[in-house]
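Read the structure below first, then the notes.
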Amino acid sequence: MDIPSTHTGIIVVAAGSGHRFGGDVPKQFRLLAGRPMLMHTIDAFRTALPDASIVVALSPDMKAYWASLCSEYKFASPPVAEGGGTRCESVYKALSALPSDINIILVHDGGRPIVSPELIHRVVAAATVSKAAVPAIPVTDSMRRADTGKAVDRSIFRAVQTPQGFDAHILRNAYSAINCADPMLTDDASVVERSGVQVTMVDGDAHNIKVTLPGDIALAETLLKLTGIQ
Ligand code: C5P
């Protein structure tokens, strides 16, 4: 299937404070294999979908720092949208920074730099057909309920990743109808589902980790080398 990258928009959300990671600078700006993680993430999409429109959502107080990093690493930043207080708000604000004539929008976490072209293309292809698609992987750990402590059947669960892909009209409508304060809205698929749209799952990729804790940087560097993504 041809990938319609000309009419694809990408929102890379990177406005989080990275409190679980700790340190002075949010994780998305930390060095990974010699340059800021967020640059790897953006380049993964530029490689996979060279003609797509990309917007990066950044916290207002990180914009100047990002500009200085881009200058230091000679990196051409995509347009920057101001992020909000939650991931949901950051996506909502970034939606208005994308061109209005795109058909498919992908939303991706800035802290997932090991995202392969194959995965990106798989999500675009599925979103083109089914309007809403997310990559998901089986859960490999045994699982228990946090409230009762009882074991559950892990085979019925999937861990959901990004990029998540949507028909642009559906995604914009869904975001304009919800309240971002709802704690259940941890990803875009949850927002779209609220508008009655069914979400399709495609195969995710175990290498597509979300860098969350300090030890994840070393793992991400190993995975970058292993996958040859960049
Ligand atoms: O906190 P969590 O790991 O779920 O965040 C997922 C992504 O959402 C990260 O890339 C983070 O930078 C982004 N985010 C954001 N705006 C916020 C909070 C998180 O863009 N206010």
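The values are calculated or read from the model by the stated rules, or taken from the named source; none is laboratory data. Note that the structure is predicted; figures quoted are calculated from it, not measured. Here the Cβ positions follow ideal geometry from the backbone for every residue, glycine too, while neighbour counts run over all protein chains shown. Quick note on the areas: whole protein, heavy atoms, side chains included, nothing else; ligands and nucleic acids left out. Shrake-Rupley method; radii C 1.70, N 1.55, O 1.52, S 1.80 Å.
Could you work out what % of the accessible surface of segment 74-230 is carbon and sulfur, using a 1.4 angstrom probe and leaving DNA, RNA and ligands out of the count?
Using a 1.4 Å probe with all protein chains present, segment 74-230 comes out at 55 percent carbon and sulfur.
Determine, from the Cβ-Cβ distance of Asp153 and Met184 and an R0 of 25 Å, the FRET efficiency 1/(1 + (r/R0)^6), rounded to the nearest 0.05.
My answer for the efficiency is 0.70.
Could you work out [θ]222 nm for the chain from helices alone, using -39500 (n - 2.57) per DSSP H run of at least four and dividing by all its residues? Round to the nearest 500 deg cm²/dmol.
Using -39500 (n - 2.57) per qualifying helix, the result is -9500 deg cm²/dmol.
Charges on Cβ only, +1 for Lys and Arg, -1 for Asp and Glu, centred on the Cα centroid of the chain; of Ala151, Ile10, Thr162, which one is farthest towards the dipole's positive end?
So the residue we want is Ala151.
Pop a pseudo-label 7 angstrom from the Cα along the beta-carbon direction at both Lys63 and His7 and give the gap in nm to one decimal.
Distance between the two pseudo-spin positions: 3.2 nm.
Suppose the chain between Tyr73 and Arg20 were pulled fully straight at 0.36 nm per residue; how much longer would it get relative to their current alpha carbon spacing?
Length gained between Tyr73 and Arg20: 16.5 nm.
Which order, highest average first, do 187-194, 69-76 follow once you tally other Cβ atoms within 10 Å for each residue and take the mean per peptide?
Output ranking for 187-194, 69-76: 187-194, 69-76.
Using a/c under 1.5 as the rounded threshold, could you call the chain rounded, prolate or oblate? The axes a ≥ b ≥ c are square roots of the C-alpha gyration tensor eigenvalues, and prolate needs a/b larger than b/c, oblate otherwise.
Rounded shape, in that the Cα axes give a/c under 1.5.
Provide, in order from the shortest bin, the percent of all Cα-Cα pairs of segment 104-155 in each 10 Å bin, continuing until the bin that contains the maximum pair distance.
In whole percents, the pair-distance histogram is 19, 34, 26, 19, 1.
Tell me which of Leu106, Gly84, Thr140 sits at the most positive position along the dipole axis of segment 73-150, charges placed on C-beta atoms (Lys, Arg +1; Asp, Glu -1).
Ranked along the dipole, the leading option is Thr140.
Just the number please: accessible area per residue for the chain, 1.4 Å probe, all protein chains included, in Å².
48
Apply the a/c threshold of 1.5 to the C-alpha gyration tensor of segment 125-184 and tell me whether it is rounded, prolate or oblate.
It comes out oblate by the Cα gyration axes.
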